[in-house]
Structures are given as structure tokens and as C-alpha cells.
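The values are calculated or read from the model by the stated rules, or taken from the named source; none is laboratory data. Model, not experiment: these values are computed from the prediction. Cβ atoms come from the backbone with ideal geometry, glycine included; neighbour counts cover every protein chain shown. Ligands, DNA and RNA are stripped out before the accessible areas are found, and what is left, the full protein with its side chains, is counted by its heavy atoms. Shrake-Rupley method; radii C 1.70, N 1.55, O 1.52, S 1.80 Å.
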Amino acid sequence: MKVLSDTTVKRIKEEILPRYPEVTSAILPSLWEVQRELGWVSADAVKDIAEVLNVPAELVFDTLSFYTMFQKRPVGKFHIQVCTNVSCDLLGAMGVVEAFKKQLGVEVGETTQDGMFSLSTVECLGACGEAVVVQINDEYYTGVTPEKVAEILETLKRSA
Amino acid sequence: MKGEWVIFPGIPKKDRKSLNEYLAAGGYEAARKVLTQMGSQDVIEEVKKSGLRGRGGAGFPAGVKWGFVPRDVEGPRYLCCNADEGEPGTFKDREILLHVPHQLIEGMIIASYAIGANKAFVYVRGEFHKEAASLQRAIDEAKEKGFLGENLFGSDFSLDIVVHMGAGAYVCGEETALINSIEGRRGWPRLRPPFPAVKGLYGRPTIVNNVETLASVPFIISRGADEFRKYGTEKSAGTKLFAVSGWVKKPGVYERELGIPLKELLEDVCGGSRDGRPFYFVIPGGISAPPLTADELDVTMDYEALAEKGTMLGSGAVMVFPEGTCPVRVALRAIKFYEHESCGQCTPCREGSGWVARMLEDVEKGQLVGEDLELLADVAQNIFGKTVCPLGDSVALVTLGFLKKFREEFEKHLDAGRCPYAE
């Protein structure tokens, strides 16, 4: 193994693989497992997964490349993802994006120099009744306004 | 109001999340009844009789779909529950996953029994961590109690449910793309036929149903198809979870009977306009449903009435826009979504969505000339019907819908050389 920990390898073999009738189905959950451990999925991680599952690395890479939630390069400790689809757009998502940009000093798609925050815009997060919706790592923040951005960032910094 | 929280009372009350709470409300009695007293064909007939139609968007009769699974084929069959909930404007299935997960599990037990599946998957969109955890907790509880696993309710039927997380791909809400995604591949839709009911997951007979569809099944079994039919219309039977967002005072998820007048839903249920500004247009069934203008809002929320108006009920996701909203901006935002989500398999969709998006961008900036609107319509029209899945059709329908309903607004942009709505 190049980058996968023994715990992850064990989890893939003992928890993920037995759930599925065919081995290829374990590719997505294994990619999730690796991202959870390392924060992103590197080429070495792809090779490791292929080795554990005994499938071609090309197949793992093909799958990885298709799905937007898998990070193909390192992201910040907190990945801020602002929904800009129509319902959020109507209720001011672009103002929220601007507020994050200004306070973090980064453009969309960038990470702060200290590696703490990455900022992205994303498509519908499926919580339109509580627009504007922002996903930060696994958590949903709802009813976000530009005024609330500073407080959200403060709370995140304190929890870091 | 008729049909108010009839099938999903646990959502507003938030009192049936755990197994004990669900059991106290009569939970798993429908599954017990099916496994101890009914044949699989009886179950299919009852669901057919109820008129329950797919709640994910397509509206195909659920019982009929189940009936497509060949009965004489040896070997495994699969049930897949579609919890991808990706259609912009839709946020109803997460309420089921969060507040009544056992109701979904019970529906899955019944559906699996009906089609003869001993293994089922729930495909949950990758962003739904909390929702997936809620469902997994419920699955673990059900397993512990013997409601999942071997010999359910003393029968010889076994069922195992696996939660499978997506990872950010709208197209995986299309059933054959979802199947590919469970197989661990890129979520490319498959050509049909063969239909999944004959050859689906791992090449085996497979049924894919939406969360709300499956979670409606226990009610149909325990209370009967006739009781279900007391709500809704002849062809759009039962109730529906409507997810209302945008410019209303009380956005949210509401269960009401199908056929509820749209105006009643917006005014009485959702409290009307946020600030009194009149509604300008409404998207009645998720972003892929063409818009209804202010003078088209006298419509009932059922499959037939909305189809007559050239749009659709879809997933029941209602998005409301007030006067002062630029329709070109909304159309552009919608098409950019499709451009981002096009899986790239079919050229008309892959290339066409980008062309349409760039032309709409130019419309918004007022940088096209009048004749170009014909070209825009032509490009959009040429995507329609030429792709493996309906994503490409949506690009065409949304573009043509906005262009037809708001032609004057498009022209105003071109005349002004800029967006007249921009400050």
C-alpha cells in the first residue's frame, strides 16, 4: 500500500466488499472511505484501491473522474460549497458567495494560504426550502445570508 | 385540507423516527400482513389497483412496473430505491429519510417480496450524510428486531438492504445511470430496451423506485387501495409531497392530495408571496418542468392537468418567482446546470447544452440579434429526442418553454443591449 492505512484496507475488505454481489460495486464506497481518511483521492490512492479490490486501476480512475464530490486534489480543512441553483440564486446566493470571497480573500475554486478553507459553488443541494444552502464538509448550513458569513467562519475557526 | 399528512403523518409530528415509535404507530403491520397472508401477485394487484404512480418524476404506475419482472427467471432480482433527489427544487425525500426511515424500509420489504428480490439497495445522493446515517440507523434497528435479514415474520422470505452513496452526479437519478453507479461505474444511462425489469443491476431483473413511491406502499397495503384512491383524481390517485421553494412566506414540504389547485397550495398552504409582490412565474415540477406564467396558475397539481399546460408534475417540486425576476437569468441558470450535469455520453446533449448556455449568456448580456433567437430555438429543438436519457430533452424543453413564454423579455434584452433587470 502506498497511502492507504491498514484500518481503511481492513474496512474495505471486511465491511464494504461483503455487502455487494460484485466487486466493482465496492469502488464508490472505497473512494469515499479513502477521501474520508485522506481528504482527497490521489493517483496513489487509486492504485491502492485497485490493489485491494483486485480490479484494474483504470476502472477505479474512470469512476473517480466521473463524480464531482471526489476531490482530485487537496482541499482545505473546511470545504465551503455554496449552492447557486435557481431557488438559492433567487434568495441571494451570489451575495453569499461574494461575502465568502471577500472574507476569505480567495476566488471560487481556491484555497486559503493556510490550507484552512476552500470555496466552491455547487449545483442544487436538495434543501431549497431553506435557501440559501451552504454545505461545509458534511454539514448543511441553511438560510445563509451575507451577514451570517463572518459568524460561520468564526465558528469554524474556533472548532479547527 | 384534503389529503393533509395522510400517508406521512410522521413527517410534521416528527414522532416516528425510531423503531419503537414507528411500531407504536402501527408500523410494520403491512409488511407482516404481506409476508404472512398475501402472495406476491396479490401485492402487485393491490398496488396496481391503488393507481400509485412513480413519485420521482416520470409518474409511471408502480404496480405495472413491478409486474414487468419476469416471474419464471431463476436467480437473483434486485430492488433499488432511488434517493438521489437531484432535481433542483426537490427536497421531499430527505424528509422521509430523516423522519420516517422505517416507513421506507417497510415499503421496501413489501416491494422486494412482490418482485422476489432478496437484496435491495438505497442509492442516496452523496451530499446526504445526515439522511444516510438516519436510514442506516433504522436499518440496523430493523435488523436487530428481525424485520430485515432471514425468515422475516416467520416466512421463508429474506431481505438485506444496503445503503449506497452517490458522489455528486444529477444524471444518476435516471434509473439506468443509477444502476451503473451501484455497479461502481460512471453514471452513464443505458439504452433501453432491455428495460431494468428484465436486465438491470448485474444484468438481473431490477426495479428502481423513488423513496416516496416505496414509502407510500405500506399505507396502500394496510388501509387498502380504495382508501388511497379516496385522495387525488381518477388518474392521479393519492397524495403527494409537494416541495415548495422560492418567493413564498412558508417554503417547505407539504403532503396534500393530488389535484390540489396550485393557487391554494401557494396562497393557503405556503402563505402567499413573501412581500406581497405578485408572482411572475412558477416552475411546477422541478427545474425540468417548463414554467407557468402568472395567468396560467389556475391549474390543479396532477399529472394530467399539468401535462395539458405543456409542463409536468415531475417530482412535485414547486419553485415560485416574483415580479422583478429575470426569466432569462433563470433559464440560463437552469441550462448551466444541465451543461454541468450532462454525462457526456450523447453528443447532442454534451455539446448542445453548452451551446444553448453560451447563447443564453449572450442573450442576458443583450449581445445577440433578433434572428439569433431562432437559432437558439433551433439548437434546443435539435437536442430533443436524440439522447439516451431525458436530460437532453430537458435542455430543449426548458429553453423552448422559457423562450415561448417570455419571448418579449428575451427581445427586451437584445433591444437594450443589456439585462433590463440588472440594477
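The table that follows gives values for the structure above.
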| item | result |
| --- | --- |
| Relative contact order for chain B, counting Cα pairs under 8 Å that sit 6 or more residues apart, in percent | 16 |
| Computed label-point distance, nm, for sites A:E15 and A:E107 using a 7 Å Cα→Cβ extension | 4.0 |
| Karplus-derived 3J(HN,Hα), 6.51/-1.76/1.60, for each residue of the stretch B:276-287, Hz, glycine and proline x | x, 4, x, 6, 9, 7, 9, 9, x, x, x, 4 |
| Relative contact order (%) - the stretch B:314-365, alpha-carbon pairs under 8 angstrom, separation at least six | 38 |
| Efficiency of FRET from Cβ geometry, B:T293 and B:K365, R₀ 25 Å, rounded to 0.05 | 0.55 |
| Drop in accessible area of at least 30 Å² in the complex versus isolated chain, residues of the stretch A:103-132, 1.4 Å probe | A:E123, A:C124, A:G126, A:C128, A:G129 |
| Highest average packing first - B:188-196, B:376-384, Cβ atoms within 10 Å | B:376-384, B:188-196 |
| Furthest towards positive pole of dipole, B:V198, B:I220, B:A237, structure part the stretch B:176-265, Cβ charges | B:V198 |
| Residue-level accessible surface for B:Y113, protein heavy atoms, 1.4 Å, Å² | 50 |
| Relative contact order for chain A, counting Cα pairs under 8 Å that sit 6 or more residues apart, in percent | 19 |
| Tensor-based shape of the stretch A:6-66 (alpha-carbon gyration tensor, a/c under 1.5 rounded, otherwise prolate or oblate) | oblate |
| Three-way shape label, chain B, alpha-carbon gyration tensor, a/c 1.5 | prolate |
| Threshold 50 Å² - residues in the stretch B:181-202 whose accessible area is reduced by that much or more when the chain is no longer isolated, probe 1.4 Å | B:G184, B:R185, B:R186, B:Y202 |
| log10 of Debye I(q)/I(0), alpha-carbon scatterers only, for chain A at 0.09, 0.10, 0.12 Å⁻¹ | -0.36, -0.44, -0.61 |
| Computed [θ] at 222 nm, helices only, for chain A once each DSSP H run of length n ≥ 4 contributes -39500 (n - 2.57) | -12000 deg cm²/dmol |
| Those GluC sites (Glu not before Pro) in the stretch B:150-238 that DSSP places in a loop and that have at most 12 other beta carbons within 10 Å | B:E150, B:E234 |
| More than 18 angstrom apart: percent of Cα pairs within the stretch A:78-159 | 32 |
| Phi to ³J(HN,Hα) by Karplus 6.51 cos²θ - 1.76 cosθ + 1.60 over the stretch B:301-313, Hz, x for Gly, Pro | 8, 9, 4, 6, 4, 6, 4, 4, 8, x, 10, 8, 6 |
| Descending semi-axes in whole angstrom, ellipsoid equivalent of the protein assembly as shown, from the Cα gyration tensor | 36, 31, 23 |
| Cα gyration tensor shape of the stretch B:12-56, rounded if a/c is under 1.5, else prolate or oblate by comparing a/b with b/c | oblate |
| Helix A:27-38 axis, angle to chain A major axis (alpha carbon atoms, nearest 10°) | 60 |
| For B:F281, distant residues with modelled amide H under 5 Å away | B:F321 |
| A:D114, B:D415, B:D372, reordered so the largest accessible area comes first (probe 1.4 Å) | B:D415, A:D114, B:D372 |
| Where Cα atoms sit under 18 Å apart: lysine pairs in the stretch B:184-325 separated by 8 or more or lying on different chains | 7 |
| 10 Å Cβ neighbours from other chains, averaged over peptide A:61-74 | 4 |
| Rg to Rh quotient for the stretch B:327-416, alpha carbon positions, Kirkwood Rh | 0.96 |
